[in-house]
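A short write-up of the structure that comes next.
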Amino acid sequence: MRVLLGISGGIAAYKSAELVRLLTRQGCDVRVVMTEAATQFISPLTFQALSAHPVHTQLLDANQENAMGHINLARWADLFLIAPATANCLAKFSYGLADDLLSTLYLAVECPVFIAPAMNQAMWHKPTTQENINRLIRHGMTIIGPDAGSQACGDIGPGRMTEPEAIVQKLCIQNNPGILQGKKILITAGPTREKLDPIRYITNRSSGKMGYALAEQAQQLGAQVTLISGPVVLAAPEHVNTVLVESAEEMYTAVMQHIADQDIMIAAAAVADYTPVNVKAEKIKTQNDQTELQLHKTKDIVASVASLTNKPFTVGFAAETENLKQYAQDKLTRKNLDMIAANWVGQKEGGFDSAVNALQVYWQNGQKIFPMTNKSQLANQLLALIAEKLHA
Ligand code: PMT
């Protein structure tokens, strides 16, 4: 996606450097336009280094017009994001003033426009600013934020620019509106607990964050979501049919009860592969120095779904500490999956119980790498890929 990022002159301009970094990590081609005032807060050189392209600051610059003039720049963009947008910038957009490159581009673009305002809380509350915002909304612009909190000037209230991660997430969702509209999707999440006796169990380090992020994002992308979750401390996502289970056997039963008319199944749960042969009715007593546990294999839930005659588009996960690609591709074939999302676990960053993750996704004759990012964004990227393959 080609993102034209406009930066106007406010203290929040420093946050736009992170915005460029996040957007480029998403695979976006970013070109930056700065107002004169913005260059007083942060150097264009920073944005040139981060975006790997020269920064545009002048409306009438003979060199720039030769290379990529303002009309070409406007035509080039798939999306125009202005962050931060000052009160002055909003007023110019609202009244169609075009006295610098940024405001001229606003008039010239035909792509979707997203505006992240940032200003002092009193300026935000001023009726003139509110009227300008409402006009821009009526004209089809999407306003992101502002957030409330303590401000650089010492005031407290609304006017802080929304954090870069939240802006990028909003762009991803808005850019893929309804790609899962009308689709039914079943997602498993979290660990399972395999009872040994009334007080002990075998489990793993899954927090459910990956599966819950998938459920939330799928719901926001228009899907009707059923989430079958092992025991986690996360709140059930809004507007998602959440079914809580404990053991691998319970997860299997719940999945089979809900699978009939699903279009997609994503198995993000870390299901126990083995469960105790006997669950003791009373607490197991400490006796010998060594003891043995007899375990038997659990039912493979995702493989069972993939073997149904009317199977949904079935996506498994692979959590590995070595040979990630090889083991994931083996699971893809062995479990008859349509796609597998492989992640490293047991590393310093990502995997189990982390806010971030990275995925290597494989399907027959194809693969895609999603670099380390927060689990919401990653979920959004994976769902966009699934939707693409499903529609293909
Ligand atoms: O929950 P988080 O803390 O956010 O961590 C996320 C995660 C690391 C748990 C997640 O990204 C992940 O990798 N989930 C799958 C973990 C796993 O059990 O992987 P596996 O390689 O052992 O299993 C392969 C696939 O078979 C998985 O889709 C698994 O859900 C499924 N399976 C496994 C055993 C079984 N009995 N039934 C299954 O359906």
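Quick note: the coordinates plus some simple rules give every number you see, no bench work behind them. Computed from a predicted model, the values in this text were never measured in an experiment. Every residue, glycine among them, receives a Cβ derived from its backbone with ideal geometry; neighbour counts consider all protein chains shown.
Where nothing but the Cβ of Lys and Arg (+1) and of Asp and Glu (-1) is charged, how large is the charge dipole of region 2-174 around its Cα centre, in debye to the nearest 20?
Details: 12 positive and 14 negative charges, 57 e Å.
The dipole of region 2-174 has a size of about 280 debye.
Can you compute the helix-only [θ] at 222 nm over the chain? Use -39500 (n - 2.57) per DSSP H run of at least 4 residues, normalise by all residues, nearest 500 deg cm²/dmol.
Computed ellipticity for the chain at 222 nm equals -10000 deg cm²/dmol.
Take Val30, Val271, Val243 and order them by how many other Cβ atoms sit within 10 Å, fewest up front.
In increasing order of surrounding Cβ atoms, one gets Val243, Val30, Val271.
Counting other beta carbons within 10 Å of each residue's own, what order do Phe80, Phe370 fall into, fewest first?
With the fewest neighbours first, Phe80, Phe370 line up as Phe370, Phe80.
Which entries in the list Lys183/Lys389; Lys195/Lys299; Lys299/Lys325; Lys195/Lys285; Lys195/Lys311; Lys195/Lys280 go over 20 Å, if you measure between the two C-alpha atoms of each? Let's see the in-between values first.
Details: Lys183/Lys389 14 Å; Lys195/Lys299 16 Å; Lys299/Lys325 24 Å; Lys195/Lys285 15 Å; Lys195/Lys311 31 Å; Lys195/Lys280 9 Å.
Result: Lys299/Lys325; Lys195/Lys311 exceed 20 Å.
Please compute the alpha carbon radius of gyration of region 2-174, then divide it by the globular-protein estimate 2.2 N^0.38 Å. Two decimals is fine.
Values: Rg = 14.8 Å, N = 173, 2.2 N^0.38 = 15.6 Å.
Expressed relative to 2.2 N^0.38 Å, the Cα Rg reads 0.95.
Put +1 on the Cβ of each Lys and Arg and -1 on the Cβ of each Asp and Glu in the chain; which of Ala328, Gln381, Val277 then has its Cα farthest toward the positive end of the dipole?
The Cα lying farthest towards the positive end belongs to Val277.
In the chain, if the dipole is taken from +1 on Lys/Arg beta carbons and -1 on Asp/Glu beta carbons about the Cα centre, which of Thr286, Gly159, Asn132 is farthest to the positive end?
Positive-end residue among those listed: Thr286.
Would you please name the GluC sites (Glu not before Pro) within region 1-85 that are DSSP coil residues with at most 13 other C-beta atoms within 10 Å of their C-beta?
Filter output for region 1-85: Glu36.
Please list, by residue number, every one of the trypsin sites (Lys or Arg not before Pro) in region 344-382 that is coil in DSSP and has at most 15 other beta-carbon atoms within 10 Å.
Of the trypsin sites (Lys or Arg not before Pro), the ones in loops of region 344-382 whose Cβ has at most 15 other Cβ atoms within 10 Å are Lys348.
Of all the C-alpha pairs in the chain, what % are more than 31 Å from each other?
Here the tail beyond 31 Å accounts for 48 percent of pairs.
Given points 7 Å out from each Cα along the Cα-Cβ axis, report the Thr253 to Asp78 separation in nanometres with one decimal.
Result: 4.6 nm between the two label points.
Under 19 Å between alpha carbons, and skipping anything fewer than 8 positions from Lys209 in its own chain: which aspartates and glutamates qualify?
In chain and number order, the partners are Glu165, Glu238, Glu246, Glu320, Glu349, Asp353.
Where in the chain are the DSSP H helices whose alpha-carbon span along the long axis reaches 18 Å or more and whose Kyte-Doolittle mean is at least 0.0?
For the chain, where a helix must reach 18 Å along its axis and average at least 0.0, the hits are 375-391.
Given Cβ point charges of +1 (Lys, Arg) and -1 (Asp, Glu) and nothing else, what value in debye, to the nearest 20, does the dipole of the chain about its Cα centre take?
Taking the Cα centre of the chain as origin, the dipole is about 400 debye.
For a protection proxy built on the mean count of beta-carbon atoms within 10 angstrom, sort 101-112, 221-232, 46-57 highest first, please.
For the peptides 101-112, 221-232, 46-57, the packing ranking is 221-232, 101-112, 46-57.
Leaving out same-chain residues fewer than 8 places away, which aspartates and glutamates sit with a Cα under 19 Å from that of Lys126?
By straight Cα distance, Lys126 reaches Asp147, Asp155.
Just report the Cα centroid separation between region 317-392 and region 1-30, whole Å.
So the separation of the two Cα centres works out to 27 Å.
Treating only the Cβ atoms of Lys and Arg (+1) and Asp and Glu (-1) as charged, compute the dipole magnitude of region 321-392 about its Cα centre; round to the nearest 20 debye.
100
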